[in-house]
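A.B. asks: Input: one structure, supplied below.
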Amino acid sequence: MSTTSTSPATTRYQVSGMTCDHCVMAVRRELSSVPGVRAVNVTLATGDVTVDHDQPLDRAEVAAAIDEAGYRLAD
């Protein structure tokens, strides 16, 4: 039996439509619910979202979480 171990990683995304601290909290809350996400840092002024995770993230799942918060993952 083999065990696969993954190292912590950080991925940066660009999110459009955020205008206030409520937006930041909504994006942080939804992304934090994605399996494997350890921490989320949102910079409102630039729309940058940095996600620390301990397993590979599916971009579609990340986009769906951001959409659920009411915003859009930039291409």
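Coordinate-derived values only; no laboratory data. Every value quoted in this text rests on a predicted model; they were computed, and no experiment measured them. Because the Cβ atoms are built from the backbone with ideal geometry, glycine has one as well, and the counts that use them run over all protein chains shown.
A.B. asks: Taking the Cα centre as origin and putting +1 on Lys and Arg beta-carbons and -1 on Asp and Glu beta-carbons, what dipole magnitude results for segment 33-75, to the nearest 20 debye?
C.D. replies: Numbers: 3 positive and 8 negative charges, 16 e Å.
Computed charge dipole of segment 33-75: roughly 80 debye.
A.B. asks: Please arrange LEU57, LEU31 by how many other C-beta atoms lie within 10 Å of their C-beta, fewest to most.
C.D. replies: LEU57, LEU31
A.B. asks: Please work out whether the chain counts as rounded, prolate or oblate from its C-alpha gyration tensor, where a ≥ b ≥ c are the square roots of the eigenvalues and a/c under 1.5 means rounded, while otherwise a/b larger than b/c means prolate and anything else oblate?
C.D. replies: prolate
A.B. asks: Right, another one. Per 0.36 nm of contour for each residue apart, how much would the distance between LEU44 and ASP21 grow if the chain were fully extended, relative to their Cα-Cα spacing?
C.D. replies: Fully extending the segment from LEU44 to ASP21 adds 7.5 nm.
A.B. asks: Further question on the same structure: Provide the per-residue ³J(HN,Hα) series for segment 8-23, in order, calculated from phi with Karplus coefficients 6.51, -1.76, 1.60 and θ = phi - 60°, each as a whole number of Hz, with x at glycine and proline positions.
C.D. replies: Working through the residues one at a time gives x, 9, 10, 10, 10, 10, 10, 10, 10, x, 7, 10, 8, 5, 4, 4 Hz.
A.B. asks: Can you tell me the orientation of helix 59-69 relative to the chain, as the angle in degrees between its alpha-carbon axis and the longest Cα principal axis, to the nearest 10?
C.D. replies: With rounding to tens, the tilt is 40 degrees.
A.B. asks: Shifting gears a bit: What full-extension length gain, to one decimal in nm, is calculated for ASP75 and THR10 as 0.36 nm per residue of separation minus the Cα-Cα distance?
C.D. replies: 21.6 nm
A.B. asks: Give me the net charge of ALA64's neighbourhood, meaning all other residues with Cβ under 13 Å from the Cβ of ALA64; Lys, Arg count +1, Asp, Glu -1.
C.D. replies: The answer is -3.
A.B. asks: Would you mind ranking MET18, MET25 by Cβ crowding within 10 Å, fewest neighbours first?
C.D. replies: MET25, MET18
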